[in-house]
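To keep things clear, I will list the structure first and then write my remarks on it.
The values are calculated or read from the model by the stated rules, or taken from the named source; none is laboratory data. All figures in this text were calculated on a predicted structure; none of them were measured in a lab. No Cβ is skipped: glycine too gets one built from the backbone with ideal geometry, and neighbour counts run over all protein chains shown. These accessible areas exclude ligands, DNA and RNA; they are computed on the full protein's heavy atoms, side chains included. Shrake-Rupley method; radii C 1.70, N 1.55, O 1.52, S 1.80 Å.
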Amino acid sequence: RERVIAPLFESQTDHAIMLAMRVPGHPEQPLGPHWLPSAVRDVTALGSSTILTMVVLVTAAFLALKGRFRSAALVVAATTLGALAVTLVKVLIARSRPDLVQQLMQEASSSFPSGHAANSAIVYLTLAALLFPVVRGWRMRGFVLAVAMLLVGLIGISRVYLGVHWPSDVLA
């Protein structure tokens with residue numbers, strides 16, 4: 001199945017983007033100062049299942065304590081169903097992790113789609129939407145949405161920089 005599906009996704013653009021994040025001629029060496037890979041791993045952790053679960057549980061507890069039980073249930077249901085959908089697609093596609101560059105961290109699950117990117121989008125954009133009734137004015141709402149989108153974007157870029165996802169995995 002991988003041999004049939006992978007060519008549908010993988011492209012020259014995927015290769016070019018991944019190689020652009022490495023020292024030319026040295027795919028084992030990421031671009032940037034010596035501290036950057038560690039910082040990028042910190043950013044990618046913001047999209048990990050551990051951090052996202054903690055964010056969801058704290059948010060749901062906060063909403064429940066405020067008497068907003070329906071909103072608490074919505075956060076838990078939306079994020080749980082989203083995570084299950086991502087897992088199902090990973091199992092169905094079963095795309096291998098990139099081997100074009102040296103991976104800067106180990107991952108065991110399939111590559112497509114990026115769980116970090118998809119689940120962080122589900123969690124952080126859901127939370128941003130939940131803030132809209134509380135935050136007044138288009139500037140503040142725009143700020144909340146922009147911060148959520150920036151966070152999701154940085155998490156997605158971190159996955160490619162670390163060499164554990166093709167750009168198309170993240171974009172999907």
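Working only within region 30-55, note down all residues that are buried (at least 17 other Cβ atoms within 10 Å of the Cβ) and assigned to a loop (DSSP other than H, G, I, E, B).
L46, G47 - these are the residues of region 30-55 that are buried (at least 17 other Cβ atoms within 10 Å of the Cβ) and assigned to a loop (DSSP other than H, G, I, E, B).
Could you check region 11-29 and list, in sequence order, the residues that are in contact with a strand residue (DSSP E or B) (Cβ under 9 Å, 6 or more places away or on another chain) and not in a loop (DSSP other than H, G, I, E, B)? So that I can check it myself, show each step before the final result.
Step one: filter region 11-29 for residues in contact with a strand residue (DSSP E or B) (Cβ under 9 Å, 6 or more places away or on another chain), giving 18-19, 21-23, 28-29.
M18, L19, R22, V23, E28, Q29, listed by residue number.
Give S111, S168 a once-over and let me know the one that is of a type in the set (S, T, Y), under 26 Å from H26 (Cα atoms) and either outside any helix (DSSP H, G or I) or over 13 Å from the mean Cα position of the chain (by Cα) (or both).
Details: S168 fails: either outside any helix (DSSP H, G or I) or over 13 Å from the mean Cα position of the chain (by Cα) (or both).
Exactly one residue qualifies, and that residue is S111.
Given S120, S109, S96, which one is closer than 14 Å to S168 by Cα and either of a type outside the set (D, E) or free of Cβ contacts under 8 Å to residues at least 24 places away in the same chain (or both)?
Details: S120 fails: closer than 14 Å to S168 by Cα; S109 fails: closer than 14 Å to S168 by Cα.
Just one listed residue meets the conditions, S96.
Of the residues that sit in region 119-169 and are among the polar types (S, T, N, Q) and surrounded by 20 or more Cβ atoms within 10 Å (Cβ to Cβ), which one is modelled with the lowest pLDDT?
Looking only at region 119-169, we keep the residues that are among the polar types (S, T, N, Q), and these are 119-120, 126, 158, 168.
Of the ones still in play, those that are also surrounded by 20 or more Cβ atoms within 10 Å (Cβ to Cβ) are 119-120, 158, 168.
On the way: N119: 94, S120: 95, S158: 95, S168: 87.
Step by step, filter region 119-169, then rank; the result is S168.
For residues that are among the charged types (D, E, K, R) and open to solvent by 50 Å² or more (accessible area, probe 1.4 Å), scanning just region 75-108, find the one that is nearest to the chain's Cα centre (by Cα). Spell out how you get there, then give the answer.
Going through region 75-108, the residues among the charged types (D, E, K, R) turn out to be 90, 95, 97, 99, 107.
With the extra rule that they be open to solvent by 50 Å² or more (accessible area, probe 1.4 Å), the set shrinks to 99, 107.
Working: D99: 20, E107: 14 Å.
In this case the residue turns out to be E107.
Answer yes if at least one residue in region 138-152 is over 23 Å from E28 (Cβ atoms), charged (D, E, K, R) and in contact (Cβ under 8 Å) with a residue 24 or more places away in the chain, and no otherwise.
No, the conditions are met nowhere in region 138-152.
Yes or no, residue by residue, for (1) of a type outside the set (S, T, N, Q); (2) at pLDDT 95 or above:
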residue: E10; (1), (2): yes, no
residue: T13; (1), (2): no, no
residue: M21; (1), (2): yes, no
residue: P30; (1), (2): yes, no
residue: P37; (1), (2): yes, no
residue: I51; (1), (2): yes, yes
residue: F62; (1), (2): yes, no
residue: G67; (1), (2): yes, no
